[in-house]
């Protein structure tokens, strides 16, 4: 498996951990966005080292949401590095108890989604090692990285799901708002499908050129236009 860091923009990198991606932002040290499943710490650190960087330069962890494939190693890395963990306040409520998935789950239609759910998501369980969130985020918060990274609350996949807009680098780290693993489309599961669609519509109003996903390959050019063209009428075709 290739766990090397892939450059998304000048200061944002992607590390692929098999079927899930995490991200590294380089600015006054490193910021880790998401942490993969439980047991991913070694792979993440190895990828950072192979890029000539020091994983002990990680200053903070930002979680796009609570699910086990994104927050599974958060507590372990926090404990090792003694760094703060940031997440939206809605998912912060449950992560402190080790709960990663709420009971209300809607499976996106399609055989591919059913297979991924049965073979991967279902087996991942609904719990993580409890992690206390040190800074709870809200919609439109501006993080002091890369000249300002905007927090975009995008509920649906999870109640506290966020995307991160690095405005100066024109990059949207989308988490599981969408998937690009076998073509651009909805994520496999949502807690609230209608909210998920509304959140996709919300990001079509944002200005970005590149888009990175929790699952699948990034779009490295004209991402904003592609998302708008793909989903402008999606709320109608879903019915």
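Derivation of every value follows stated rules applied to the coordinates shown; laboratory data play no part. In this text the structure is predicted, and so the values were computed from the model without any measurement. Cβ placement follows ideal geometry from the backbone for every residue including glycine, while neighbour counts extend to all protein chains displayed.
Annotations for the structure displayed:
- Descending by average beta-carbon neighbour count within 10 Å, the peptides 38-51, 59-72, 94-107, 159-172 line up as 59-72, 159-172, 38-51, 94-107, the highest first.
- Stretching residue 99 away from residue 19 to a fully extended chain increases their span by 26.7 nm, per 0.36 nm per residue minus the current alpha-carbon distance.
- Between the range 70-121 and the range 128-158, the alpha-carbon center distance in angstrom: 14 Å
- Full-stretch length increase - residue 135, residue 56 - with 0.36 nm per residue and alpha-carbon distance subtracted: 26.4 nm
- Among 74-82, 147-155, 209-217, the peptide with the highest mean count of other Cβ atoms within 10 Å heads the list, and the full ranking is 209-217, 147-155, 74-82.
- Extension gain for the segment residue 28 to residue 106, taken as residue separation times 0.36 nm less the Cα-Cα distance, is 24.1 nm to one decimal.
- For the range 1-97, the gyration tensor built on C-alpha atoms gives a prolate shape. Its axis ratio a/c (a ≥ b ≥ c) is at least 1.5, and a/b is the larger of a/b and b/c.
- Nitroxide proxy distance, nm - points 7 Å out along Cα→Cβ at residue 7 and residue 170: 1.6 nm
- Whether the range 84-183 is rounded, prolate or oblate, judged on the alpha carbon gyration tensor where a/c under 1.5 counts as rounded: oblate
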